[in-house]
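The values are calculated or read from the model by the stated rules, or taken from the named source; none is laboratory data. Predicted model only: the values in this text are computed from it and were never measured. So basically every Cβ, Gly included, is an ideal-geometry build from the backbone, and we count neighbours across all protein chains shown. Please note that ligands, DNA and RNA were not included when accessible areas were found on the heavy atoms of the full protein model with its side chains. Shrake-Rupley method; radii C 1.70, N 1.55, O 1.52, S 1.80 Å.
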Amino acid sequence: MDRDSYHNCCSLVQIPRQSYDQFWSSHFVEYIDMEISYSTFFKKYLLPNHPCMFSRRFTEDWRCRKQWVTEEGKPNFQTLLQEFDETPVPVANCNAKEYNANPKHTMPFKEFIHYWKEYIQNGNSSPKGCLYLKDWHMARDFPEHNVYTTPVFFSSDWLNEYWNTIEVDDYRFVYMGPKGSWTPFHADVFRSYSWSANICGRKKWLLYPPGQEEFLKDTHGNLAYDVTAADLRDKGLFPQSDKACQPLEIIQEAGEIIFVPSGWHHQVYNLEDTISINHNWLNGCNIDIMWQFLQNELSAVQREIEEWRTTMDSWHQHCQTIMKSCSGIDYGEFASFLKIIAENRIAFLSACSSANTDCPRHLSETLAALGSYHAAFDLQRVVHILECLICSDDFKRLDHSTLNLQPEILLQKIRETIHSTRGQHLP
């Protein structure tokens, strides 16, 4: 991040997001073929929460683009089998519906490849249905492979930084699916950003700007499973569907990377046999959207079990527990998440003034590439969300003895760090 970008947004409380009206009328997303600076991407796409597509030149040096793909541009089954063979992988059945998703089970990688070959030989058909290997944590399972490099534009990634630190999970995935496999209508976890790179094959994306999903809910408030289905036009089932704008329809070619902003609901089809790499990620530009999402999730749980408020012991804690089981995080863990992100940047900025650092090497390299202005911006955003969290009645009701965070102390530590580095690294 450059100095001007920092000074333009360091005092922001609310991130100014422009109207999405341009996408309703133009049905166009910008295509990036030439090198652009991180600051340009930050100002044009991250802050306003607008989608874009990067050309294949941004992935041409990835090892997986060369080794996982045949000269004809098809998946290289032989190489893939040599690399992964018996590895257990998650596989979804695109022909089955479980709640609002496709049910998944685990199978050996070589069994999936055997299925995929037969599916192709049978004219893209199988009695087993249309199976789709998805949400596979390949990078976590095979860290030594290094088959791709996260582009710098997507490297300010608080979500995976946090999960790497606590060594529990990650949100970096590989998808492999035959022609016709697809993902139902959804928005990404915690309303995060996502980026998706086609290693081979082609995808069709249907994207809706934030807010349009409200028109695509049925009479029970459930989100549509398939926005192309005929029943969406049934006013008795989806009374507001005619108010929704037409989706952005984007064809993603081999090698291209799509940036999907926060809260943009989407449905995705594989038009050919396709392999893709996908990351979900968060940072200071959309942490406020995650915080709003968590508040909405908790409110929904509270409404659902409101009748037991006066009779259930620890009702508020039960709401947090249910929320975590549904969305994957509660207020306590969100506070821990903010603490780790802040402490990493405090360590990095302190290291800029000394020879010692408590910051892990791989993380300090990422933070150094983004620069001290970016670390300071991140801390400013943590301050804003922590202040909101402290003011939340639901957070106040938590048993703070169980938290590994004293928010007021952390806030003071952040402010001292920003103050001490101002003039040294943040003129």
*Could you tell me the accessible area of H316 in Å² (1.4 Å probe, neighbours in place), rounded to the nearest ten?*
60 Å²
*Can you grab the distance from the C-alpha centre of the stretch 331-353 to the C-alpha centre of the stretch 269-289, Å, no decimals?*
24 Å
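Can you give me the span-like helices of the chain, meaning DSSP H runs with 20 Å or more of Cα extent along the axis and Kyte-Doolittle mean at or above 0.5?
Working: long enough: 287-304 (26 Å, -0.19); 331-351 (30 Å, 0.69); 372-391 (29 Å, 0.83); 407-421 (21 Å, -0.32).
Once both thresholds are applied, what remains is 331-351, 372-391.
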*In terms of the ratio Rg/(2.2 N^0.38 Å) built on C-alpha atoms, what value belongs to the stretch 274-334?*
1.43
_Mean shadow area of the stretch 68-149, taken as a quarter of the surface of its Cα convex hull (nm²)_ = 6.5 nm²
*All-pairs alpha carbon distance profile, the stretch 167-264, 10 Å steps from 0, percent*: 13, 42, 31, 13, 1
*asked:* Quick one: the Cα spread of the stretch 235-320 along its three principal axes, in angstroms, biggest first?
replied: 57, 39, 26
*Of the labelled options (i) 66, 56, 46; (ii) 103, 74, 43; (iii) 96, 57, 49, which one gives Cα extents along the principal axes in Å as computed for this structure?*
(i)
*Over all distinct Cα pairs, what is the inverse of the mean 1/r for the stretch 58-216, reported as the Kirkwood hydrodynamic radius in Å?*
17.4 Å
*If you bin the C-alpha pair distances of the stretch 264-376 every 5 Å from 0, what whole percents do you get?*
2, 9, 14, 14, 12, 12, 12, 11, 7, 4, 2, 0
*Positive end of the charge dipole of the chain (Lys, Arg +1 and Asp, Glu -1 on Cβ, about the Cα centre): tell me which of S125, C391, G211 has its Cα farthest that way.*
G211
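Percentage of Cα-Cα pair distances in the stretch 213-268 greater than 20 Å, rounded to whole percent?
On the way: 491 of 1540 pairs.
Result: 32 percent of Cα pairs exceed 20 Å.
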*Whole-angstrom gap from the stretch 205-259 to the stretch 376-411, using each part's C-alpha centre*: 35 Å
*Hits among aspartates and glutamates - C-alpha to C-alpha of K128 under 12 Å, sequence gap 8 or more where chains match*: E118
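Which value in deg cm²/dmol, rounded to the nearest 500, describes the helix-derived mean residue ellipticity at 222 nm for the chain, given -39,500 (n - 2.57) per DSSP H run of n ≥ 4 and division by the residue count? Intermediate values should be presented prior to the final figure.
Values: 15 runs with 157 residues, N = 427.
Calculated at 222 nm, the ellipticity per residue is -11000 deg cm²/dmol.
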*Evaluate the distance, in nm, between pseudo-label points positioned 7 Å from the Cα of M34 and of T106 along their respective Cα→Cβ axes.*
4.9 nm
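Between the DSSP loop rule and a limit of at most 14 other Cβ atoms within 10 Å, which trypsin sites (Lys or Arg not before Pro) in the stretch 121-213 are left? The partial results should precede the final answer.
Working: sites: K128, K134, R140, R172, K179, R191, R202, K203, K204; in loops: K128, K179, R202.
Sparse-neighbourhood loop trypsin sites (Lys or Arg not before Pro): K128.
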